[in-house]
Each structure stands twice: as structure tokens, then as C-alpha cells.
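The values are calculated or read from the model by the stated rules, or taken from the named source; none is laboratory data. These numbers were taken from a predicted model, which means no experiment stands behind them. Backbone-built Cβ (ideal geometry, glycine too); neighbour counts: all protein chains shown.
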Amino acid sequence: MLLGLAVVYLRLRTAERGRNTAMIAERTRAKTVGTHKARLQYPNIDIARCIGCGTCVDSCPESGVLEMVNGQAMVVHGARCVGHGKCAEDCPVGAIAVELGDIAVRDDIPALSDKFESTLTPGVFLAGEITGWALIRTAISHGTVVADEVARRVKELGPAPENVFDLVIIGAGPAGIACALESKLHGLSYMVLEQSEMYGTVGKYPRRKLVMLQPVTLPCTGDSAR
């Protein structure tokens, strides 16, 4: 019986070594073709905290972004990450976070605070894809955070003078609509400026553009049906 268990163990170890070798080779190939890192969303793994459960690999809806190598999660094709964030949400130990990738050579990514306020122009907030983050769900979250922050400041400083809005929202895309609805919940005075039509951003999305993987919660409206 012990001999049989030893044979099974050796076969499993051999198979595992084969998978590890294949994943390392795939990682090398990814580096060669330049898909190992993303210029926008990128899953950052804290190896010191990773317990090797593989939950992040199973959670990721994209192919080949994350793989298990030598008992730990590894980013293989980071360029395929589009920022779903499922890996970070499902990790039981918080060992992974979706962050902006290598933006050292990017001059179009704005410098923002954790409330999405410009670090160069106080009082100006940016939300949605202009910040470098994709997906409707993310844009709605950004817009909501901006409205919450403006409401907090209005509560501290008092309402704006007569004929002055607490908040002017430029663009009625997912971020702008969410910001407007959240502002309404807070009782803010606001104006939405849109150069075309409401929801025009969504209507002009290119075909096959990945915009949403999970249901979203829109202020004043609730959860989406799907």
C-alpha cells in the first residue's frame, strides 16, 4: 500500500513539475512578446501573503493573466488584465490588488488623490476611463466617490453662494450619471454638461468592447438586472 501511495505521489509531483515548467516557459514567452505587464490595470501579488490557494486564478475571467507556479500565484500575461478586480475580491488573505501598471512612460494618466481630485488643480475631480481605469462598474464607483467627497466638503464649509453650483459635472457617461445621481441623494446643487446626448458615451462604445462583467449598483436606481 505504501508503495502504491509513493507511486501516486511521484506521479503527482511529476505532473506538477511539468505544469510549473510550462507556466515558466509561458511567462518567458509573455516577456518576449511584451504581454507580461500592462500599461493600465495590472494585478499586483504580495508573495509574502499569498497562500497558494489558487482562488485568484479561478476567479479571473480572462485567459492566462494569472497562473499557479511552484505553489504561488504568478502574473503571466498581465496585459490581458482589464481590471475586473475579481481576483482581489475573492482572495481570502488580501494578497492581490488590481492597480495601475507601468505608467512611467505615460503622460496621459492624471495624478490624482484617493478621492480622484487633481493634485495639480484642487477642486477638479476626474472619474472613469480618463483616469486609466476601464469598465462601467469602475466608472460608477469613481463618480459616486467624487459626489460623496464634494458632499462632505459642503457639509464642512457650508453650501455654495447663491447662483453657484456645489458641483458641475462634465460628461454624462457612466461616471457622470453616477455622480449626478449620488449628488441628488446628498441634496447638492449641481449641473451636468454633455456635448451630445445623455448616455452618449455608452452608445458610441465600439463593438466587442468589454464594459461590464458584474452587476452594478447605480445611485437612486439600484442594482442592474444583469
Taking the residues in the stretch 120-136 that are in a loop (DSSP other than H, G, I, E, B) and within 12 Å of the chain's Cα centre (by Cα) as candidates, determine which candidate is farthest from Pro61 (Cα to Cα).
Gly132
For the stretch 122-139, which positions are touching an Asp or Glu at 6+ places or on another chain (Cβ under 9 Å) and crowded, with 22+ Cβ neighbours inside 10 Å?
Phe125, Leu135, Thr138, Ala139
Flag for Met23 being more than 16 Å from the chain's Cα centre (by Cα), at pLDDT 80 or above and buried (at least 17 other Cβ atoms within 10 Å of the Cβ):
no
Taking the stretch 76-91, which residues are surrounded by fewer than 20 Cβ atoms within 10 Å (Cβ to Cβ) and under 16 Å from Gly54 (Cα atoms)?
Lys86, Ala88, Glu89, Asp90
Identify all residues within the stretch 127-140 that are touching a helix residue (DSSP H, G or I) at 6+ places or on another chain (Cβ under 8 Å) and under 22 Å from Leu167 (Cα atoms); write none if there are none.
Ala127, Gly128, Glu129, Thr131, Ile136, Thr138, Ala139, Ile140
Among the residues in the stretch 32-50, are any modelled with pLDDT of 75 or more, under 27 Å from Ile140 (Cα atoms) and among the small types (Gly, Ala, Ser)?
no
